[in-house]
1. Counting just the residues of the range 162-176 that are at pLDDT below 95 and more than 26 Å from residue 151 (Cβ to Cβ), which one comes out farthest from the ligand (Cβ to nearest atom)?
2. Considering only the range 129-182, state which residues are more than 20 Å from residue 199 (Cα to Cα) and assigned to a loop (DSSP other than H, G, I, E, B).
3. If residue 154 satisfies all but one of (1) within 13 Å of the ligand (Cβ to nearest atom); (2) at pLDDT below 95, what's the number of the condition it fails?
4. Within the range 169-203, track down each residue that is aliphatic (A, V, I, L, M), free of Cβ contacts under 8 Å to residues at least 60 places away in the same chain and surrounded by fewer than 17 Cβ atoms within 10 Å (Cβ to Cβ).
5. Look through the range 179-208, keep the residues that are more than 15 Å from the ligand (Cβ to nearest atom) and among the small types (Gly, Ala, Ser), and return whichever of them is modelled with the lowest pLDDT.
6. Based on this model, can you work out whether residue 59 counts as hydrophobic (A, V, I, L, M, F, W, C), modelled with pLDDT of 90 or more and outside any helix (DSSP H, G or I)?
7. Residues of the range 12-47 being touching a residue at least 40 places away in the same chain (Cβ under 8 Å) and part of a loop (DSSP other than H, G, I, E, B), which ones?
Amino acid sequence: MGVTHFLTTSVGEHIANPRFLEAATQELAEAQRHLATFTKRTKRRTKKHRAATRKVPKIHARIQRQRLDHAHKTALTLVLDHDAIAHERLNTATMTKAPAPKPNPERPGAFLPNGATAKTGLNRRILDAGWGVFLAILANKAESAGRTVIAVDPRNTSRTCPSCGHTAKENRVSQARFQCTTCGYTANADHVGALNVLKRAGLALCDVA
Ligand SMILES: [Zn+2]
């Protein structure tokens, strides 16, 4: 599971991240702006004001339905095509936790940059992708279909070479690219993660080398 792609399989197939919230950003902003044009002091709301009040929650409800629909369809495809499915164990609590403020020792009361802005954007996308919901749906469908689902420890799955086993953060050249500093094995970084997850679950049929 990734940020660039919703998920990548061990055969290197990517399933795109749908980003429903991002797609509705402008529509949401407009609805919020429109709502703000109604004065709050009016005791009795007009028909238009009531409609404007309902608009924002309506858009959020639609995004929620789109996410669920996407999760159901993706999970169903995986369950129909595979007898066993391995995935990284999610820890949404730490993934979405805000980074701690870094006080500036030279200026009491001031703070050093802590990467909070970049992290906030990532957090939002993580929540947007809704993996927790997806994995629950996947587990449910797999159980009804008699399939096996295995959650594995996600540590170093994107830093370990699936060919020689060398683990280093330098192996991850960029968000998208993996290149082993020991043996030179090169692949898409998300694909490498998926291969390592499969191996860790004991499901790999053969080595990639
Ligand atoms: Zn290697």
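The values are calculated or read from the model by the stated rules, or taken from the named source; none is laboratory data. All values derive from a computational prediction rather than experimental measurement. All Cβ positions, glycine included, derive from the backbone under ideal geometry; neighbour counts span all protein chains shown.
1. 174
2. Hits for the range 129-182 are 130, 145, 146, 173, 174, 175, 176, 181.
3. Going through (1) within 13 Å of the ligand (Cβ to nearest atom); (2) at pLDDT below 95 one by one, residue 154 breaks only (1).
4. Correct list: 173 only.
5. Ranking the qualifying residues of the range 179-208, first place goes to 204.
6. No.
7. If the condition is that a residue be touching a residue at least 40 places away in the same chain (Cβ under 8 Å) and part of a loop (DSSP other than H, G, I, E, B), then 12, 17, 18, 19 are the ones that fit.
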